[in-house]
Amino acid sequence: MQKSDLQRPLKDRLSDDYTKRNIYLGKTSGSSGHPFIFAKDRFCHALTWAEFIDRYNWIGINLNKSLQARFYGIPLDFYGNLVERFKDRISLRRRFNVFDLSDQKLEGFLDRFKKSNFDYINGYTSSIVLFAKYLEKRQLVLTDVCPNLKVCIVTSEKLFKNDKKLIESSFGVSVINEYGASEVGLIAFERSSEEWQVNSESLFIEILDENNRILPYGEEGRIVVTSLYNQAHPMIRYEIGDTGTLSKNSSFKRPILKKLTGRTNDVAILADGKVVPGLTFYYVTKSIIEDAGSIKEFIIIQTHLDRFKIEYVSDHEFDNVQIHKILSAIKIFVGKNLKVDIERKPVLIRNKSGKLKQFTSLV
């Protein structure tokens, strides 16, 4: 299964006896360029959270007691913002808005750490790396001002070795990699030995070659995931959009992810000096996701400090209403006075691994 197979009305994908009233409904980030709406039955959704609770216990974090510094975006519309902040409050999360990562905003981040006893950091890799660089420039170590800090968990974007060293030296704590996808949940979690243990309790992971044949341990290929408990919206041999390798030391019960060619995002730098992480465009894509699935793929390219280009594949040309929604979302989430070119294409250019990168900066 590929994401394109699921880009159709939700009612055509739900199992019998399931409706919007008895499921958990979510949207993918579209970080791979393939946004869509998905569903989980309530038991499956609860199981997903149980897995996070278990993995976080590995590193001494109790989700019912530990205070999280959350480096994520947040909806800016009144209702969406209110709901997300309510969820943050009851989940012991304090959000650091990553839509603007200028030095002035990062100084504000530092002040919050001085005033709060955060137990851990969780969030987008690129945003956390920028904060670490700011601390390095200031010759500060975060645990000196926030001694309660125990660990930093990065997700959604690839973490490079040099960036990991930078974060650890600037924060004064260890860094843990988390790999997952909203539609299937937690896929792998890094243990203290820098070993990524794959979630074999509720998922079945396979590595395939270009002919869809299963590769032996140690060989790199496309990652496909089967969700073993999602009865409402089955995800069977679902291609996640990444490539990776399972270690030769893997077993059926305890698979180990040796290598992940993950989702990387550039950083956009605007003419006024504002720094915007690539995943900010996830919140732009939310405005153009349609349940009908007419938008198949898209990419966003920064061509100049004040100009962006959106290329997309769709059954239909964007109408004026859709274009207005896109421009409004970019104005809200990215910045004002930006020029945006929108072009419909029959196909989009992929990199050598076949992966579609949603955001690229040419500046």
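Throughout, read-outs are computed from the coordinates displayed, never taken from laboratory work. Since we're looking at a predicted model, the values are computed, not measured. Note that each Cβ is placed from the backbone with ideal geometry, even for glycine, and that neighbours are counted across all protein chains shown.
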Worksheet item: Within the set K331/K357; K105/K150; K3/K259; K150/K274, which residue pairs have Cα atoms separated by over 25 Å?
Response: K150/K274
Discussion item. Using only the alpha-carbon atoms, what does segment 204-254 span along each of its principal axes? Please give whole angstrom values in decreasing order.
Written reply: 34, 25, 16
Worksheet item: What nm distance separates the two modelled labels at S169 and N320, each placed 7 Å from Cα along Cα→Cβ?
Response: 5.6
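Using just the helices of the chain, give the 222 nm mean residue ellipticity in deg cm²/dmol: DSSP H runs with n ≥ 4 each add -39,500 (n - 2.57), and the total is spread over all residues, rounded to 500. Please list the in-between numbers first.
Values: 8 runs with 91 residues, N = 363.
Result for the chain, helices only: -7500 deg cm²/dmol.
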Discussion item. Residue by residue through segment 220-237, what is 3J(HN,Hα) from phi via Karplus (6.51 cos²θ - 1.76 cosθ + 1.60, θ = phi - 60°)? Round to whole Hz and write x for glycine and proline.
Written reply: 8, x, 7, 8, 10, 10, 10, 8, 7, 10, 7, 7, 6, 9, x, 10, 10, 6
Worksheet, complete the sentence: Karplus-derived 3J(HN,Hα) from phi for segment 126-135 (6.51 cos²θ - 1.76 cosθ + 1.60, θ = phi - 60°), whole Hz, x at Gly and Pro, runs 4, 5, 5, 4, 5, 5, 5, 5, 5, 5
Response to the item:
Counting Lys and Arg as +1 and Asp and Glu as -1 over every other residue whose Cβ sits under 12 Å from the Cβ of Q104, the net charge comes to -3
Worksheet entry | Gaussian network model of the chain, Cα within-10 Å springs - most flexible of K325, K115, K336 | K115
Item to complete: For segment 43-122 and segment 238-256, write down the distance between their C-alpha centroids in whole Å.
Response: 29
Practice prompt. Show the residues, 5+ positions off or on another chain, whose built amide H is closer than 5 Å to the amide H of G241.
Written response: I223
Worksheet item: If amide H atoms are built 1.01 Å from N in the plane of the peptide, which residues on other chains or at least 5 residues away come under 5 Å of the amide H of S174?
Response: C152
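Taking the beta-carbon count within 10 Å as an exposure proxy, list Y134, Y124 from fewest neighbours to most. Don't jump to the answer; show the numbers that get you there.
Numbers: Y134 19, Y124 24.
Listing Y134, Y124 from fewest to most nearby Cβ atoms yields Y134, Y124.
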Worksheet, complete the sentence: Sorted by chain and then number, the residues having a modelled amide H within less than 5 Å of the amide H of A268, at least 5 places away or on another chain, are V276, G278
Discussion item. Just to be sure I understand, if you calculate Cα extents along the principal axes in Å for this structure, which of (i) 77, 55, 43; (ii) 56, 51, 38; (iii) 53, 52, 42 do you get?
Written reply: (iii)
Worksheet item: Along the charge dipole of the chain, Cβ charges K/R +1 and D/E -1, which of G172, W196, I349 sits furthest on the positive end?
Response: G172
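Report the relative contact order of segment 84-192, percent, no decimals, based on alpha-carbon pairs under 8 angstrom and at least 6 residues apart.
Working: 132 pairs, mean separation 24.9, N = 109.
Relative contact order, segment 84-192: 23 percent.
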Discussion item. Among T143, I323, I23, which residue has its Cα furthest toward the positive end of the charge dipole of the chain, with +1 on Lys/Arg Cβ and -1 on Asp/Glu Cβ?
Written reply: T143
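Can you sort K87, K309 so the residue with the fewest Cβ neighbours within 10 Å comes first? Kindly include the intermediate steps, with their values, before the conclusion.
On the way: K87 11, K309 17.
By the 10 Å Cβ count, ascending: K87, K309.
Rounded to the nearest 20 Debye, what is the dipole magnitude of segment 3-261 about its Cα centre when Lys and Arg each give +1 and Asp and Glu each give -1 at the C-beta? It would help to have the intermediate numbers written out before the result.
Numbers: 39 positive and 33 negative charges, 127 e Å.
Dipole magnitude for segment 3-261 comes out near 620 debye.
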